[in-house]
Amino acid sequence: MSGRRPAPVVTEIVRPGWEGVQDAFARGQAEDPGGAQLAVRHGGRTVVDLWTPGTGRFGYGAAPDGARGADGAGGTDRARGTADAGGTDGAGVAGGVHGTRAEHARRTEAGAGGDAETGYRNEHGAGPGGGAFRAGSVGVLMSVSKALVAVCAHLLIERGVLDPDDPVARHWPEFAAAGKAQTTVADLLAHRAGLPAYADDPAGLPEAPLLEPAARVRALAAMSPVWDPGKAFLYHALTYGDLVGEVVRRVSGESVGRFFAREVAGPLGLDLWIGLPEREEHRFVPQRAVRPDPTPGQVARAVERAGLAPGDRLATSLRASSAELARATASFGTRRGRAAEFPAAGGIGDARSLARLYAALVGPVDGVRLLSAATVDRARTPCTDHLPQPGVLHRLDGPDRSRFGLGFELPRPGAPLLGEGSFGHAGAGGRLGMAHPESGLAVGYVCTTMAWEPSAGPDPRWMPWTEAIGKAAGLGGG
């Protein structure tokens, strides 16, 4: 990133001792044409609240017309189907000058665009696709959404109405079909269920049923697992949300989106949703891809390079998962897709709310603590370290492979999060939420550029400010 000017940063809050995070955020965003927000809570209060409208420069190697679709939808989690948390050192760019909201208001003025479906204009001066990203904007969270679903499950676990060791079929009888009677709730939370796609077809589930939660749930209930549940793990990019979400619905009587709104977002005053209400559409700013999705042929070749024969069921599932994820991601550029409950990837919100959510997992926030320390400890206990990836994919295992607890990602060498003991979840393109219970740190980061692929290494936007946060909080190695 050397030679780039730091991005313009608007400061809402920077407490004494945390100024280095502000400078690091500007450096990390220097090559990002899109907007971003960063919020950090420590010791029960907000210590950092920053945002940038973006540089407007497409520095990741693609021109603006690399974005796909009128609403800017695009991007994919590629072969693995996720964005792991991580980062590289983004130092080397000179520190910049930060301005006030008033000084940056004219820079973030948007054109007079409008949503092709609703025709509205939002508070930024345009509908989705034309609005600038600001402090009050909300965006798609992609796989950061999985943490919202996990919190709902852990609330029910803490209340004693759900147990990780329960067979899923105890709460969802139809799930017992096709050899899944012994699959446990923990298997769902830890990506061990053997159901990484909705269809046994490389094309994946078609768009119409994919946008219907009930159809997705029926497909999963009828499907046989691709591997013996609990014997291996592989990231469930989209299906995770419906697998865990349906258990939440069966136990609570509410969809996971409604349960989250009532039990989590409401009490904490969060601007986080699984299914965006129409009244909040004016705040939505879409994500924008800087490179096209891989074609089905490219995905097929990548699967073959992994050592899987074209007719292998695992190969079919990987291709189906990629197709389904691309289809779902494109739908987030439409009102229908944003309103639909896509629990694994379709959450929408802002960085402040992510930080506030994670803070309430590790301590009280305005008198509200979501989970006990014991429940958090169980959630961050490694659940996949002892398991291989399925089939021939175990040959790809290495020291930097993904690690999961019960619903959360755990730190690994290439993705340290906030260090040992931290937990969180990243999302395709670079979104990130995480917490470190021992230090009381909680972080939320939301961006509009779909720029990061886990296969390409850590997101260069993260490491400057993750290092600065660790230093300010006095974490070892910070």
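The values are calculated or read from the model by the stated rules, or taken from the named source; none is laboratory data. Because the structure is predicted, anything quoted here is derived from the model rather than measured. No Cβ is skipped: glycine too gets one built from the backbone with ideal geometry, and neighbour counts run over all protein chains shown.
Within the range 23-46, track down each residue that is surrounded by fewer than 22 Cβ atoms within 10 Å (Cβ to Cβ) and outside any loop (DSSP other than H, G, I, E, B). Once the filter is applied, which keeps residues that are surrounded by fewer than 22 Cβ atoms within 10 Å (Cβ to Cβ) and outside any loop (DSSP other than H, G, I, E, B), the range 23-46 yields Asp23, Arg45, Thr46. Of all residue pairs spaced 6 or more apart or on separate chains, those with beta-carbon atoms under 6 Å, a first member in the range 296-316 that is closer than 21 Å to Arg327 by Cα and a second member that is part of a helix (DSSP H, G or I) and at pLDDT below 90 are Ala315/Val303.
Do the conditions hold for Lys146, that is, is it among the basic types (Lys, Arg), touching a strand residue (DSSP E or B) at 6+ places or on another chain (Cβ under 7 Å) and at pLDDT 95 or above?
yes
Checking each residue in the range 168-193 for being under 21 Å from the mean Cα position of the chain (by Cα) and at positive phi picks out only His191. Only residues that are surrounded by fewer than 21 Cβ atoms within 10 Å (Cβ to Cβ) and either farther than 24 Å from Ile274 by Cα or touching a Phe, Trp or Tyr at 6+ places or on another chain (Cβ under 7 Å) (or both) were counted across the range 161-177, and they come to 9.
The condition of being among the hydroxyl-bearing types (Ser, Thr, Tyr), over 16 Å from the mean Cα position of the chain (by Cα) and within 22 Å of Gly275 (Cα to Cα) holds for only one of Ser353, Ser321, that being Ser321. Examine the range 421-430 for a residue that is surrounded by fewer than 24 Cβ atoms within 10 Å (Cβ to Cβ), modelled with pLDDT of 85 or more and under 25 Å from Ala360 (Cα atoms), and state whether such a residue exists. So far as the range 421-430 goes, yes, one or more of its residues are surrounded by fewer than 24 Cβ atoms within 10 Å (Cβ to Cβ), modelled with pLDDT of 85 or more and under 25 Å from Ala360 (Cα atoms).
How many residues are crowded, with 18+ Cβ neighbours inside 10 Å and of a type outside the set (Gly, Ala, Ser) when one looks only at the range 295-310? Qualifying residue count for the region: 3. Can you name the residue in the range 28-67 that is basic (Lys, Arg) and closer than 20 Å to Ala355 by Cα and, of all such residues, is modelled with the highest pLDDT? Ranking the candidates gives Arg41 first. Mind checking whether some residue in the range 259-271 is closer than 30 Å to Ala132 by Cα, of a type outside the set (A, V, I, L, M, F, W, C) and assigned to a loop (DSSP other than H, G, I, E, B)? The answer is yes, given that some residue of the range 259-271 is closer than 30 Å to Ala132 by Cα, of a type outside the set (A, V, I, L, M, F, W, C) and assigned to a loop (DSSP other than H, G, I, E, B). Gly419 falls short on exactly one of the conditions (1) touching a residue at least 12 places away in the same chain (Cβ under 8 Å); (2) in a helix (DSSP H, G or I), and that condition is (2).
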